[in-house]
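> Structure below; questions to follow.
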Amino acid sequence: MQVEIFCDGACSGNPGVGGWGSILRYGDKVKELSGAEGETTNNRMEMSAAIGALEALTRPCEVVVTTDSQYLAKGMTEWVAGWIRKGWVNSKKEPVVNRDLWERLVALARVHRIKWVWVRGHNGHVENERCDELARAAIDSYRAARRQETVSPPNPPAADTRL
């Protein structure tokens, strides 16, 4: 049986606070994952969604990864082999952006047999829409946690000036 992975990333500002969401489906089992980061980009979040899901697999699997990110899908199916061959430089002879995440994806692709599928985003694809909700909720949770960390303690009571 194969594992289906659906993934999406979101960013509030680009760069800005970002979140990712993934759904893993294996037979009748479903698992939702999400995460967030401060100062990041939408592409890094798209990649993190796939990485998070693939890293959750406990053994080598046959996997179909569905994403609305052409950057991720084309990166893994068309571009990455050339980048590796050329020493991680792109067609403009510049260092590949997000190399750290591409290398993690390449390592995961060596463990799993992965088919990458692109779908148009925000087009009614149920799982893609759910992943977007997870990513946006992760952004909200990240911001709420940061707000709590920055709240100052209440002012100490005024000194009693009575004699």
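The values are calculated or read from the model by the stated rules, or taken from the named source; none is laboratory data. Note that this is a predicted model, so its numbers are computed, not measured. Ideal geometry is used to build each Cβ from the backbone, glycine not excepted, and the neighbour counts take in all protein chains shown.
> Evaluate the range 68-89: report whether one residue or more is without any contact (Cβ under 8 Å) to a residue 60 or more places away in the chain, within 18 Å of TYR26 (Cβ to Cβ) and not in a loop (DSSP other than H, G, I, E, B).
Within the range 68-89 (the criterion being without any contact (Cβ under 8 Å) to a residue 60 or more places away in the chain, within 18 Å of TYR26 (Cβ to Cβ) and not in a loop (DSSP other than H, G, I, E, B)), the answer is no, since none of the residues qualifies.
> Return only the number of the condition from (1) of a type outside the set (A, V, I, L, M, F, W, C); (2) under 13 Å from ILE139 (Cα atoms); (3) at pLDDT 95 or above that GLY13 does not satisfy.
For GLY13, the exception is condition (3).
> Now for a separate question. Looking only at the range 94-117, count every residue that is surrounded by fewer than 16 Cβ atoms within 10 Å (Cβ to Cβ), touching a residue at least 40 places away in the same chain (Cβ under 8 Å) and in contact with a strand residue (DSSP E or B) (Cβ under 9 Å, 6 or more places away or on another chain) and tell me the total.
3
> Could you please find all residues in the range 24-40 being in contact with a strand residue (DSSP E or B) (Cβ under 8 Å, 6 or more places away or on another chain) and of a type outside the set (A, V, I, L, M)? Write out each step before concluding.
Taking the range 24-40 and keeping what is in contact with a strand residue (DSSP E or B) (Cβ under 8 Å, 6 or more places away or on another chain), we get 24-26, 30-40.
Within the range 24-40, ARG25, TYR26, LYS31, GLU32, SER34, GLY35, GLU37, GLY38, GLU39, THR40 meet the criteria.
> Here's a follow-up. Of all residues in the range 1-33, count the ones that are surrounded by fewer than 24 Cβ atoms within 10 Å (Cβ to Cβ), under 13 Å from THR66 (Cβ atoms) and not basic (Lys, Arg).
The number of residues fulfilling the criteria is 5.
> Taking the range 100-144, which residues are assigned to a loop (DSSP other than H, G, I, E, B) and among the basic types (Lys, Arg)? Break it down stepwise before answering.
Let us first name the residues in the range 100-144 that are assigned to a loop (DSSP other than H, G, I, E, B), namely 112, 119-125.
Passing the criteria: only ARG120.
> Hey, can you tell me all the residues within the range 12-43 that are closer than 17 Å to ALA144 by Cα, within 10 Å of the chain's Cα centre (by Cα) and small (Gly, Ala, Ser)?
GLY18, GLY19, SER34, GLY35, ALA36
> Does the range 45-56 contain any residue that is polar (S, T, N, Q) and either crowded, with 16+ Cβ neighbours inside 10 Å or assigned to a strand (DSSP E or B) (or both)?
Going residue by residue through the range 45-56, those that are polar (S, T, N, Q) are 48.
Retained after the next criterion (residues that are either crowded, with 16+ Cβ neighbours inside 10 Å or assigned to a strand (DSSP E or B) (or both)): 48.
Looking through the range 45-56, at least one residue is polar (S, T, N, Q) and either crowded, with 16+ Cβ neighbours inside 10 Å or assigned to a strand (DSSP E or B) (or both).
> Which residue is nearest to VAL111 (Cα to Cα), if the candidates are limited to the range 34-44 and must be touching a Cys at 6+ places or on another chain (Cβ under 9 Å) and part of a strand (DSSP E or B)? Write out each step before concluding.
First, the residues of the range 34-44 that are touching a Cys at 6+ places or on another chain (Cβ under 9 Å): 34, 40-44.
Subsequent filtering for residues that are part of a strand (DSSP E or B) retains 34, 40.
Values: SER34: 22, THR40: 27 Å.
Among residues in the range 34-44 that are touching a Cys at 6+ places or on another chain (Cβ under 9 Å) and part of a strand (DSSP E or B), the one nearest to VAL111 (Cα to Cα) is SER34.
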